[in-house]
1. Looking at A:Glu226, A:Glu210, which is the one that is out of contact with any Cys (no Cβ under 8 Å at 6 or more places or on another chain), without any contact (Cβ under 8 Å) to a residue 12 or more places away in the chain and surrounded by fewer than 21 Cβ atoms within 10 Å (Cβ to Cβ)?
2. Are there any helices (runs of 4 or more DSSP H) wholly within region C:375-471 with 1 or more residues that are open to solvent by 70 Å² or more (accessible area, probe 1.4 Å) and at pLDDT below 50, and if so which?
3. Checking the condition closer than 23 Å to A:Pro192 by Cβ and either open to solvent by 60 Å² or more (accessible area, probe 1.4 Å) or among the polar types (S, T, N, Q) (or both), which residue from C:His513, C:His503 passes?
4. Does any residue of region B:54-76 turn out to be surrounded by fewer than 24 Cβ atoms within 10 Å (Cβ to Cβ), in contact (Cβ under 8 Å) with a residue 40 or more places away in the chain and within 10 Å of the chain's Cα centre (by Cα)?
5. Mind checking which pairs have a first residue in region A:62-83 that is on the phi > 0 side of the Ramachandran plot and within 12 Å of chain C (Cβ to nearest Cβ) and a second that is in a loop (DSSP other than H, G, I, E, B) and open to solvent by less than 60 Å² (accessible area, probe 1.4 Å), Cβ under 8 Å, 6 or more apart or different chains?
6. Quick test for you: out of C:Gly93, C:Gly120, pick the one residue that is assigned to a helix (DSSP H, G or I) and free of Cβ contacts under 8 Å to residues at least 24 places away in the same chain.
7. Could you identify the single residue in C:Thr136, C:Thr186, C:Thr206 that is exposed (fewer than 15 other Cβ atoms within 10 Å of the Cβ), among the hydroxyl-bearing types (Ser, Thr, Tyr) and in contact with a strand residue (DSSP E or B) (Cβ under 6 Å, 6 or more places away or on another chain)?
8. Do any helices (runs of 4 or more DSSP H) lying entirely in region B:122-230 carry at least 1 residues that are at the interface with chain A (Cβ under 7 Å from one of its Cβ atoms), aliphatic (A, V, I, L, M) and closer than 30 Å to B:Gly309 by Cβ, and which ones are they?
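The values are calculated or read from the model by the stated rules, or taken from the named source; none is laboratory data. The structure displayed is predicted, hence computed values, not measured ones. Don't worry about glycine lacking a Cβ; one is built from the backbone with ideal geometry, like all the others, and counts go over all protein chains shown. All accessible areas refer to the heavy atoms of the entire protein, side chains included, with ligands and DNA or RNA removed. Shrake-Rupley method; radii C 1.70, N 1.55, O 1.52, S 1.80 Å.
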Amino acid sequence: MSISRRNFLGMLAAAGASAAVGKKAQAASADFTGYPDSYGVLHDTTLCVGCRSCEEACNRVNNLPAPEKPFTDKTVFEKKRRVVTGVYTVVNQYKEAKDGKPPIFRKMQCNHCLEPACANACFVSAFKKTPEGPVVYDPSVCVGCRFCLLACPWALPGYEYDDPFAPVVIRCTMCYPRILEGKLPGCVEACPMEALTFGKRDDLIKIARERIRRHPERYQDHIYGEHENGGTSWMYISGEPFDDVGLRTDIGTTPPPKLTAGALGAVPIVVGLWPVLLTGIYGINKRKEKIAAKEKADAVAKAIAEKQAEADAALKAEKEKAKKAQAGAVEKAVKKALADAAKKAKEENA
Amino acid sequence: MSVLSHSESGDATFLDIVKLTVKRVAKAVFVVPKPTPFNIIAGLIVAMGLVLTYLRFAYGLAAVTNLDGNMPWGFWIGFDLLCGVALAAGGYTTSAAVYIFGMKKYHAAVRPAILTGFLGYSLVPIALLYDVGRPWRLPYPFVVSQGTTSVMFEVAACVGLYVTVLFLEWSIAPLEWLKLKKIRNFLHKATIALTIFGVVLSTLHQSSLGAMYLMTPGKLHPLWYSTYLPVYFFVSSIIAGLSMVMFEGALSHKYFAHKHDEEHRVVGEQVAYGFAKASSVILLGYFVIKLIGLAHDNEWAMLTRDFYGWWFLLELLGFVALPCLLFAIGAREKKLKLIQVTAGWTVFGIVLNRLNVSLVAFNYHLPSSERYVPHWMEIGISLFLVTCGVIAFKFIVTHMPIFYSHPEFPEDHH
Amino acid sequence: MRERPAYHGIGKTGRIVLLILLAVGLASPCFGGGHHGDKAAKPKRADLVTIDGMKALGPLERPPVQFKHDGHTEKLLSEGQTCAACHLSLPDGRLSQKFLRLENGSRDALMELYHEKCIGCHTERKAKGLATGAVTCGGCHARDPEYASNAQEVGFDKSLHWRHIEAVGKKCESCHHEYDPKAEKTVYKKGHEQSCRDCHKEDTETRSGMKTAGHWSCIGCHLATDGKSRKTGPVDCAGCHHPDRQAAVKTLNTVPRLPRNQPDRVMVAASAADAGLARMPVAPFNHEIHENATDTCRVCHHEGMQACNQCHTLEGHSRGGGVKLEMAMHDMDSDHSCVGCHNAKKAETACVGCHKIMDQSRLPESACLRCHYGPKPEEYSKHRLVETVMRDVDAIGEDAEETDLSHEGRDGESTWLTGEMLNRTAPLSFAESDIPETVTVNVLESQYGPAAFPHRKIVYSMLKAVRESKMAMHFHGSEDALCQGCHHNSPVGKKPPMCRSCHGQPFNADKIHVPGLKGAYHQQCMGCHQAMKIEPVGCTGCHERKSNPMEKIDRAGR
């Protein structure tokens, strides 16, 4: 009994704490520019040769099921692929080799935003941005509402729609456990071209800037992910316009928490003001009704009183009249009696 | 236990009351349905719904939906959740009008509105059981892990609480039917508090449903995306609620005429004139804030650019401006039928708006080959749920004092 | 009792409308998709004239008319008509390029003219049963024109220029002229020929623009030449402007130098006026070789043929658009500058393999003296070579005799300097035995087997490529240039540092710009193979895949 009670209290405290932390993180997001010294990956698409070693390594380090076609099969490039059940990352081909120019490939996986939309959207806090850089996901609390998929500006996560019992969100973990062990993410380790560079995010930006500076003829003058969606840990430099390699340039730079900050900020106002306002309106209407009722009652009373007074007056007048008439009659009678008496006396005297 | 004392005999035991209640409910429920056209069609839909339900839970979402990574929310969210919640707004709008804003003369409209609201809101969590991956975890956001930064958390909390509020508000009718006087009177006393609580919760979650789409600036077409989305959703929910009360009033009047007492018959018309006037004003306001939204983002040029522009104009002019005008005419000229048709039109307009936001204008940037079109089974399950709602509605209005005042419980005013 | 109203609830029609709307709404994602494919490609023509001249006289009421010029001329000429059917003659005998008028006149008059003449002719022809054109407004004023234009700019390259020189019997005055303000007429000055564009820019009162002048001169001459006594050129639009017809123009394999007394060699230096300011040794420049390497004089000279330093002074002058001499020669992105043009050459297949990995944003300091190896500016100015080679633009014309340069003798100094430029013949001095034949790369062997790298074969194929190009010979004068293509960032020698001396573990936080060894090999080898289109470019072309290449990468416990 006592233990369960303690647990319950503990749970309450934890709930309170997590609620408080959540609010604080949200408030702090106003000028959050990423955890200091967090890691990231820079993908230089000009170096990617489409060997799919990253896909193979990802499959291996995450113990994912064997694919239908082997990783050496290049026919997969005929179709645009995405993250689906059992696949955390894919390499897509965006341009074929043409006029002596090599084909263009890009690896695609979760971009591990600095302020992830998925984490902001999740109503069970299943997503967490770690100080090391990766965004991690806890399937043990996931309800499966898929708001994270909706909120991701690139629609990067997948979902196990085909699993009726324990479907989970499918996404790259940036090999968070390996990073904690001091190892490289599987894909980065496997990439023969170093098209994927692992390092501190700040260093990656320096590397990207230096490559663009040295080779203005090779790169677009932009580091995709430096500011997109509030900044991402996984960034890209490319020779082709980013839209042509499947990276939308109309994402904007607003960190996702800012998108709903205003709407959430209105909650306390509504909760605080509405009851007061509504009760007030109710009170005013009630009072109006009361006053109206009282006025009505007063008016009725007054009318009754007036009528009464009128009736009384009429009665009085009537009475008076009657009295008068009576008095007159008496007088008349007296007079008549007197006259009669006088007449009689006269006659008697006569 | 004291509140449960029975009206008929003051000294009946608790057990007696339970027995009587069960008997009364059983008598009403276990009736062999007559083969009317309604019953046959409803029966078929329910049978189909049960099969689809089995498919959904045995084989997963992929078996019955066209959802994918790009389109995680489909017809069930667009129709069952967004439209369901908007159209069930009649409950809070009507009770607020009557109890808080003192429009006592529409009192007779409250119970039907609350009933529709309650049924509408009850369908939402049921629909979500189908939609979410692990439905048995629906209470998780409250008891296991709270994602307070999420707009959806707000939606979940408010809808959850509001369903409870609606249940309490509605339960007066079954309590009257079951003649559980004391508990009925207790709840009846709480009407004002429940109404105020209901308005607060509705304001929050109606707007938050729009706020969820604030997260998708790159996916929702700019004509529909606006930082005012929460305001649009809230204001249009009032319109939806009022229109639904008028529209449903017209239908009930037609199909459940025998259930109406004299007061409800007469008041029904009064409600239509009053609500039409209110709807017209709110529609005008809605139209204006929609224009402000367009001006704010300077999207005028998009209006005639492509399909989306014309589609948006159709929604704005055909389903906001036009009903605004028609309601005004109807209220002024006392044209009941015009009002009822316009109410239906407006309800459809709100449905159109919610489906535009959630489906039509969503993922507008994708090539058509990657766009989502609902699977027929998704629509089938939605149809099944709506049919269940209609059956419940029919059962309740047939047995409980919705369209008439219970002789033992004359309306007393607050 | 109320009367039964005309409609009740939602009528049948209403229900159908609602159903349709709902269906459209739901289906719209199917056809409302964001990306519309390209509209069906329109047929292309090179003879399209857009009739929108009234634009200058006020806003157009209808879309401009797309006019098929060749379509009209072919038809009319085949029926025995002449250009005069549509074009009036000017007092000097040339045809007006305007349609049936000499001057534009008022807006109304212009509209009247077109409507009367075009529709009139079309109607008349229709009545006669001849092939004809539109007579309705929309028939000509189409919002969405029927054709797209594929007309290309046209101009002389060296070959076409030479063929015209021969065609007119080497009489340059047939085309070249300049305006003499004293005589108030055009005159020809031998040795002072400029490009047409130097004077003919925009149409003005007194001077025709390039387009007008070009059409008068070219078509006028082509028309005047009957084609029997000697060959003549096209007179239709497509003949000059259609890409296919342009491609079909005969090109000479060898084109003699243009006889304009241009120098063989020059010293690129600041002008005499700037002489005191110049610090860099002058750059000897082989004009003759560069003439062969370019298509037209305009590639370097813009429109006028004057010397660079006349407009581009050391500190910039309005004559040269404010572009300083330094920028004019070194702008990396310009088509006119030395460095810009040479940079473009580096992107050619034979060069790009080495050059693509180098810093493309600037030239290293060591590159300066590759060009600036002439005399110091003060010595140069003492010899007054600047006057003889870099002519002063103002002097030209006033004293043609003096600036008529003879190449031999007077620029002897620049001759040996530019001669030396071509005599660098030994970019590699290592003996064959000093160059390892094969280098086996096996330090990283794990997922794949060792790679055998044919080192000597690659060195000699690079050497061969360099020797085939005079320019490459000049710029790759030593082992430094040749070996450092791969052995970068270290001095050249018979035993350069190993790759792994610098390239080790990847992602070293202290050397963030240096790739790891695996990345360095793959970037260098595959980058070069890809850029130079050398097989193999795949994995197994260099090393064999082991049975389980991912063995080394740990599996995670789930």
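1. On the way: A:Glu226 fails: without any contact (Cβ under 8 Å) to a residue 12 or more places away in the chain.
After applying the criteria, what remains is A:Glu210.
2. By residue number, C:385-389, C:400-403, C:412-422.
3. C:His513
4. no
5. A:Asn63/C:Ala556
6. Result: C:Gly120 is the single residue among C:Gly93, C:Gly120 that is assigned to a helix (DSSP H, G or I) and free of Cβ contacts under 8 Å to residues at least 24 places away in the same chain.
7. C:Thr186
8. B:151-170, B:191-212
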